[in-house]
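A short worksheet on the structure shown next.
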Ligand SMILES: Cc1cc2nc3c(=O)[nH]c(=O)nc-3n(C[C@H](O)[C@H](O)[C@H](O)COP(=O)(O)O)c2cc1C
C-alpha cells in the first residue's frame with residue numbers, strides 16, 4: 001500500500017517523540033539511584049584510601065555503610081583550618097562550590113594547574129578510642145586527559161601516607177589509567193608526605209623508587225604515563241600545601257602537641 005509523504009513524516013515524528021519520552025523518563029527515574037551509587041562509590045574509595053577495604057572486595061551498600069560508621073565527615077574552612085560544625089556534610093557539595101565564584105577562590109598560578117579552590121572542603125576522620133587515627137583528604141587535579149578525583153589518607157602522625165585512591169578520571173586504560181592499579185597504589189603506603197619544615201615533599205618520579213624505609217619521599221612513576229604520574233605528584237603536593245589543607249593540618253598538628 002502506498003503511503004503519503006506526510007504519513008511517513010508523521011509516523012517518524014511519533015516514533016521520535018515516544019523514544020524521547022522513554023529516554024527522559026528513564027533518565028529521571030534512574031537519577032536518584034545513580035546519585036546513591038555515586039555517593040556509595042565515593043565512600044568505598046574513602047575506605048580504600050583508609051585501608052578499611054581493598055579494591056578486590058565486593059562490598060554491598062550495607063557493607064560500605066557499616067564500615068563507614070566509625071568515620072566522621074567534617075567540613076573544613078581551608079583558609080583558617082577551622083572545622084565548620086554548622087555545615088551539614090551530607091548536603092555539602094564541594095564540586096559545585098569549587099565552580100561558584102562566591103564559594104571558591106583562585107589559588108593563583110601553581111604547578112598543578114588548579115584554577116579554583118573551594119573555600120570549604122569535606123574531609124573524613126577516623127578516631128580510635130577517641131584518639132585521632134586517620135585523616136582522609138579529597139584531592140583533585142589534572143592528569144593528561146582529564147581531572148582526577150580521589151582521596152589521600154594520612155596516618156595519626158599526619159606525616160605517613162596510609163593510602164591513595166582515585167574514584168573518577170578519564171586517563172587511558174593501561175597507561176595513565178594505571179593509577180587505579182592496586183599494586184601502584186600500594187607503593188604509596190608508608191611513605192612520608194612532608195619534609196622537616198612540614199612542606200609537602202612527596203613526588204612521583206620517572207622510573208622506580210626504593211622502598212619507603214630508604215626512599216620515603218618518592219613513588220615510582222607509571223610506565224608510558226609520565227604526564228599522568230607528574231600530575232598526581234603535583235596535585236597531591238598542592239592539596240597538602242598552603243593552598244589546600246595546609247592550615248587545617250597545622251591546626252591538627254598543634255592540637256596533637258597540646259594533647
Ligand atoms: C593513545 C595514547 C594514550 C595515552 N594516554 C596517556 C595517559 O593516559 N597518560 C600519560 O601520561 N600518557 C599517555 N600517553 C603517552 C603520552 O602521550 C606520552 O607519549 C608519554 O607520556 C611520554 O612517554 P613516557 O610516559 O613513557 O615518558 C598516551 C599516548 C597515546 C598514543
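Only the coordinates and a few stated rules stand behind these numbers; no lab work does. Here the structure is a predicted model, which is why all the values come from computation and not from measurement. Cβ: placed from backbone, ideal geometry, glycine included. Neighbour counts: every protein chain shown.
Would you list the P(r) distribution for segment 56-141, with all Cα-Cα distances sorted into 10 Å bins from 0 and each bin expressed as a whole %?
15, 40, 30, 15, 1
Rounded to the nearest 5, what is the percent of antiparallel bridges among the DSSP beta bridges in segment 71-258?
Given both bridge residues lie in segment 71-258, the antiparallel proportion sits at roughly 95 percent.
Looking at the calculated P(r) for segment 111-241, what percent of the C-alpha pair distances fall above 25 Å?
Of all Cα-Cα distances in segment 111-241, 21 percent exceed 25 Å.
Using the count of nearby Cβ atoms within 10 Å as a rough guide to exposure, how do 239, 145 rank from fewest to most?
Ordered by Cβ neighbours within 10 Å, fewest first: 145, 239.
Which FRET efficiency, nearest 0.05, do residue 80 and residue 29 yield, Cβ-Cβ r, R0 41 Å? It would help to have the intermediate numbers written out before the result.
Values: r = 42 Å, r/R0 = 1.04.
My answer for the efficiency is 0.45.
What do you get when you divide the Cα radius of gyration of segment 10-153 by 2.2 N^0.38 Å, with N the number of residues? Working shown, then result.
Values: Rg = 19.5 Å, N = 144, 2.2 N^0.38 = 14.5 Å.
That ratio works out to 1.34.
Would you kindly work out the equivalent ellipsoid of the chain from its C-alpha gyration tensor and give its semi-axes, the square roots of five times the eigenvalues, largest first in whole Å? Don't jump to the answer; show the numbers that get you there.
Working: eigenvalues 316, 102, 73 Å².
Semi-axes from the Cα gyration tensor: 40, 23, 19 Å.
Within a 10 angstrom radius of the beta carbon, how do 232, 87, 15 rank from fewest other beta carbons to most? Can you show the working numbers first?
On the way: 232 33, 87 15, 15 10.
Listed from fewest to most nearby Cβ atoms, that is 15, 87, 232.
Take the Cα pairs of segment 192-250, get the Kirkwood Rh, then feed it into Stokes-Einstein at 20 °C and 1.002 mPa s and tell me D in µm²/s.
Numbers: Rh = 11.9 Å.
So the translational diffusion coefficient is about 180 µm²/s.
When N is the residue count of segment 1-89, what does its C-alpha Rg come to as a fraction of 2.2 N^0.38 Å? Don't skip to the end; give the middle numbers.
Numbers: Rg = 24.0 Å, N = 89, 2.2 N^0.38 = 12.1 Å.
It is 1.98.
How would 60, 80 line up from fewest to most surrounding beta-carbon atoms within 10 angstrom?
Starting with the residue having the fewest Cβ neighbours, the order is 60, 80.
So what is the relative contact order of the chain, in percent, for Cα pairs below 8 Å that sit 6 or more residues apart?
It comes to 16 percent, rounded to a whole number.
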